[in-house]
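Here is the structure we will look at.
All of the numbers you see were taken from the coordinates with simple rules; none came from a lab. If you're wondering where the values come from, they're calculated on a predicted model, not measured in any experiment. All Cβ positions, glycine included, derive from the backbone under ideal geometry; neighbour counts span all protein chains shown.
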Protein chains: 2
Amino acid sequence: MGTPSISRRLSEAAVALFDENGYEATTIDDIAARAGVSRSTFFRHFRSKDDAVFPDHDTLLATVDARLRASAADTAIVAVTDAVRIVLAHYVEDAEVSLRRYRLVRQVPALRDREITSVARYQRLFREFIGKMLDGSPDADLRAELMASSVVAAHNQVLRGWLRAGGTYDPSDLLDHAMRYVIATFRQLEQPHEPGSEQIVVATFSRSASPQAVMAAVEKHLRSR
Amino acid sequence: MGTPSISRRLSEAAVALFDENGYEATTIDDIAARAGVSRSTFFRHFRSKDDAVFPDHDTLLATVDARLRASAADTAIVAVTDAVRIVLAHYVEDAEVSLRRYRLVRQVPALRDREITSVARYQRLFREFIGKMLDGSPDADLRAELMASSVVAAHNQVLRGWLRAGGTYDPSDLLDHAMRYVIATFRQLEQPHEPGSEQIVVATFSRSASPQAVMAAVEKHLRSR
DNA sequence: TTCAGTATGAAACTCAGTATCACCGTCCAC
DNA sequence: GTGGACGGTGATACTGAGTTTCATACTGAA
């Protein structure tokens, strides 16, 4: 039907009023009135005032969780970097709503805090997932924590850049780049196929370094080990 | 004097009542009554109910900020990994209070959310500090975000382990280990002396790899670039 | 003493969030 | 049909956090 659900009507009314009059200045009575329902009904659809701004957060987290469980990736970090794409895609899908929400969240401390705790839920999900896959290997907890926080941080960096730019481009390439970055960073910290071995970085070079310099550095390393 | 400050009395009264009767079940009137002051006075010393559980958070953040500004480290990641020791040290200093608070925070969702947003403040501080030092280099924002989140994550992992174990050991060695881990991970991502160049990882190897295998991989890379 | 500044208490208010009850529609069983 | 179970809604009252305002007491300085 053309009639949107009550949850949607309430959420839209809330965001509209927050935009017009500010977050603190609008009461739940105002929201309910604009949506054409009673205050009771608001609290049947949302646990709290700020819930109305993030109506689909729980389902999104569940979707990411499901994707993670269904993943066939052979390393934890690849599974997680893959699953996190869902989140960015969800923001890009209805950019209009995302941008409105972003402007709101930036201004209202209560909403900012709420978003931070939401992000922490993802990080926890990732940490537990990676922790299970790394279980038994040395420093498993530490590495799981680092990988999870890095994936979340990289995602947020890309998302924030896209939001700040007004959602004017497709950020998926940037996310790919960031996730490759993360995977490269942590490749040495995850060894799924040879659990007993330790991988190390031999050397780093600038792109403009001559092949001779690279070979010399590598030879030096090989002699010294 | 032997008389503790009102803030301290209020904070202790709050934590004690939260322990005895639960967080939601104790009102601010209860806290004020036990501290021997009025409700008004409570709100003059704390912005909110949960503020009483984290009375020294603002000063601690300021201390870390000051240490960061005064740092003479030559790379951002070293400066931050050094500054974050202050936080762990602060927890260890009065382990009794830290453990009480930890047990409380674990049980009360409102306090957990509050702590998460507190941690985010450190991460933001670190991110901005690193971002300034990396400014101009490629992927500066992304790397700043990753480094900041990793330092915070590593610190939290060590702290959480210590708290879960009941504060029975000195965690500073573990923090050193974790921070060395982080520094090693990000060494390749920070080049303080050649801000214009881009460093890349040529390849990674296990320690048992033969020198021939390493040289072959490096030659292959050099041919392909 | 007087004045200013500061810490406190008292009281009233707004509003988020909870709990309870009554109402109304639909669907199903008999 | 009648009755009842049930899910969604509205109305009402309540608790308690947080704000605001005013009055009061105490301090030290001129």
Item to check | Number of the exception - A:Val80 against (1) in contact (Cβ under 8 Å) with a residue 40 or more places away in the chain; (2) within 16 Å of DNA strand C (Cβ to nearest atom) | outcome: (2)
Checklist entry - Pick from B:Ala33, B:Ala25: which is in a loop (DSSP other than H, G, I, E, B) and within 16 Å of DNA strand D (Cβ to nearest atom)? => result B:Ala25
Next on the checklist: I need a count of the residues in the stretch A:14-43 that are under 30 Å from the mean Cα position of the chain (by Cα), loosely packed, with under 13 Cβ neighbours inside 10 Å and near DNA strand C (Cβ under 10 Å from one of its atoms).
Outcome noted: 1
Checklist entry - Do we find that B:Asp82 is more than 11 Å from DNA strand D (Cβ to nearest atom), surrounded by 12 or more Cβ atoms within 10 Å (Cβ to Cβ), assigned to a helix (DSSP H, G or I) and over 25 Å from the mean Cα position of the chain (by Cα) in this structure? => result no
Next on the checklist: Need the failing condition index for B:Ser48 against (1) farther than 30 Å from B:Glu128 by Cα; (2) within 13 Å of DNA strand C (Cβ to nearest atom); (3) polar (S, T, N, Q), just the number.
Outcome noted: (1)
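Give me a count of the residues in the stretch B:131-151 that are in a helix (DSSP H, G or I) and either more than 7 Å from every other protein chain (Cβ to nearest Cβ) or among the charged types (D, E, K, R) (or both).
Of the residues in the stretch B:131-151, 12 are in a helix (DSSP H, G or I) and either more than 7 Å from every other protein chain (Cβ to nearest Cβ) or among the charged types (D, E, K, R) (or both).
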Checklist entry - Between residues in the stretch A:29-54 that are away from every other protein chain (no Cβ under 14 Å) and residues that are more than 9 Å from DNA strand D (Cβ to nearest atom) and outside any helix (DSSP H, G or I), which pairs lie under 7 Å by C-beta distance while being six or more apart or on different chains? => result A:Ala52/A:Phe46
Next on the checklist: Among the residues of the stretch B:87-104, are any within 16 Å of DNA strand D (Cβ to nearest atom), in contact with a helix residue (DSSP H, G or I) (Cβ under 6 Å, 6 or more places away or on another chain) and among the polar types (S, T, N, Q)?
Outcome noted: no
Next on the checklist: Please go through the stretch B:51-77 and give me each residue that is within 16 Å of DNA strand C (Cβ to nearest atom), in contact with a Ser or Thr (Cβ under 6 Å, 6 or more places away or on another chain) and assigned to a helix (DSSP H, G or I), ordered by number.
Outcome noted: B:Ala52
